[in-house]
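Here is the structure we will look at.
Read-outs throughout are calculated quantities, based only on the coordinates presented, and are distinct from any laboratory measurement. Fair warning: this is a prediction, and the values are worked out from it, not measured in the lab. For neighbour counting, all protein chains shown are included, and Cβ atoms are generated from backbone atoms with ideal geometry for every residue, glycine included.
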Amino acid sequence: MGGIVEASGGEYAAGIGGGGWYGGGGTVTIYGGTVTAISSDSVSQGGAGIGGGEGNGTFSTTAADDTPGTAVIYAAGGTSASAIADQSGKENWSGIIFEKNAADSKYSGVVYGDQTLQEDLTLPNGEDPQTLTVKEGASLTVPDGKTLTVKQDGELRVDSGGELHVNKGGTLEIQQNGSVTNEGTIHNSGTISGTVDGSGSLVQYVMSVKLDPAALSLTKGQTATLTATVEPDNATSKAVVWNSNHTGVATVTENADGSATVTAVSAGVAAITVTAEDGSGASASCTVTVKNPDPDPDPDPDPDPDPDPDPDPGKPSGGSGWNEPSIGAEMPIAEPEEAGQSGAFSQPVGCVSDMLGEVSVSGAYQFRLTSTNGTAPVVELDSTNFRAVLASQEGNDYFWKVYAVGLPGQVCTVKVNGTAVARLTLISSIFGGVSSDTTAPFTVPQGGSYQFRLTAIEPPKLSAGSSSFTVEYVGNEGFDWYFKVVAVGKPGDGCGFYINGAPVPVAVAHIS
């Protein structure tokens, strides 16, 4: 199905099919590609373009498996013959068929059935004028990457009840002196250049939606306004639908003027999406990061009139980027801290921490522990939603880094030498806005599998840290992306799983 065929008959002969007057005419079926069939017009008794002979033969556009045809056919008859001899099944034709009979000065084309251009189409495609009509009940679609061009001596008509669809990426080009008359309906989500005449309907779909701003950072309880701009300006419907993928983090409400109000509900990250209501699929998203309000610091009842200077003020501390090199191993998990107030946190025995109290963590946070007894501090976390590693040491200063790997809003208590020094609240993870439903260690039987659900606006990547496991992308539902890990190693093998190349694993698995 497809290809290009050009056939020209000699004296008394058809382009394709039977002879000029006598003969059976045969059976001709054309259901794909581009076919040109022209009879000789040099004698008074020239044959048909397709078919002919005493019985005219049989012409069909349906494949043997009853698939409707999609061919573009140009048929021209001789001086005394028809373009297509057999017209008996015309009501069942399917394709784009141009006919030029002996008395005609131009090719008259008709769209039969529902047709989608397989190749670019130009009216006219030669010296003879051409008219193409999308008749009642038929439709013609110009798909992505295809162009329908109407030049001088070319005419396109959409009859009442007919439809022309110019899809996104498709083009209807109306050149100077080309003619397009619409009495039916033209649906445009692509490009139409030139003038369309007639009293039919032109439905202009939304091409794009833009959001201002494209990102928001809010504190719990705050609100902000989002403005959507719909293009093009002549879109038939500019109505949009607003949606939040995490209403527990941020909600969105449409305003009377078409803008929307975003309300920060709790710490975390949410995507606010606006989508054109006309079915075009045009949409845009705004990333909303919500953090808890900073706690009011307690006044120092006995301030130090001469505090010790920072032993190394140039050393990064307090929330530096996660992509700095780190050393050391993951620390053990401590027992949960019962005390829930910032007043429960105090300096540990044997060292001084520059992190004390409530801390919001976006990605990673670095803090310094200064040993006062010459012993390395011991750091413990009570949650698998964070990881802690010793980043570096200089003298008695130990620089520790905690990485957020869980879901926004989760918390973790940090203990140093057995004393709770801080509680961390996860604002966003190190994985570039990706959150995982799994952060705790787990086991998988040999040959078995486990499924991760990662939530993100853009497609994330999950990789295994060893060959003991394979990782396979399963699919997504909205902003939830699913990955299956399969235990292919031997019992006892362990493996960490990494999101977007992060420096620490989101979770660790062992094969049982």
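Extending 7 Å from Cα along the Cβ direction at Asp212 and again at Thr372 yields two label points whose distance is 5.6 nm. Between Ser88 and Glu127, the contour length at 0.36 nm per residue exceeds the Cα-Cα span by 11.1 nm. Estimated at 0.36 nm per residue, the fully extended path between Val203 and Glu394 surpasses their Cα-Cα distance by 61.8 nm.
For the pair Asp480 and Glu358, label points projected 7 Å from Cα toward Cβ lie 3.1 nm apart.
For Arg387, Arg157, what's the fewest-to-most ordering of other Cβ within 10 Å of each Cβ? All intermediate terms of the calculation are to be shown ahead of the outcome.
On the way: Arg387 25, Arg157 22.
Neighbour counts put them in this order, fewest first: Arg157, Arg387.
Using a simple spin-label model with pseudo-atoms 7 Å out from Cα toward Cβ, Asp66 and Glu472 lie 3.7 nm apart.
Fewest first, what order do Ser346, Ser108, Ser82 take by the number of other Cβ atoms within 10 Å?
Working: Ser346 12, Ser108 17, Ser82 24.
Least to most surrounded, the residues fall as Ser346, Ser108, Ser82.
Within the shell of other residues whose beta carbon sits under 11 angstrom from the beta carbon of Pro460, the net charge comes to 0, with Lys and Arg scored +1 and Asp and Glu -1. The peptide list 471-479, 134-142, put in order of mean Cβ contacts within 10 Å with the highest first, becomes 134-142, 471-479. Extension gain, Asp233 to Ala344: 0.36 nm times the residue separation minus the Cα-Cα distance gives 34.1 nm. Here the calculated FRET efficiency for Lys490 and Gln222, from their Cβ-Cβ distance with R0 = 60 Å, stands at 0.70, rounded to the nearest 0.05. Listed from fewest to most Cβ neighbours within 10 Å, the set Ile50, Ile192, Ile16 follows the order Ile192, Ile16, Ile50.
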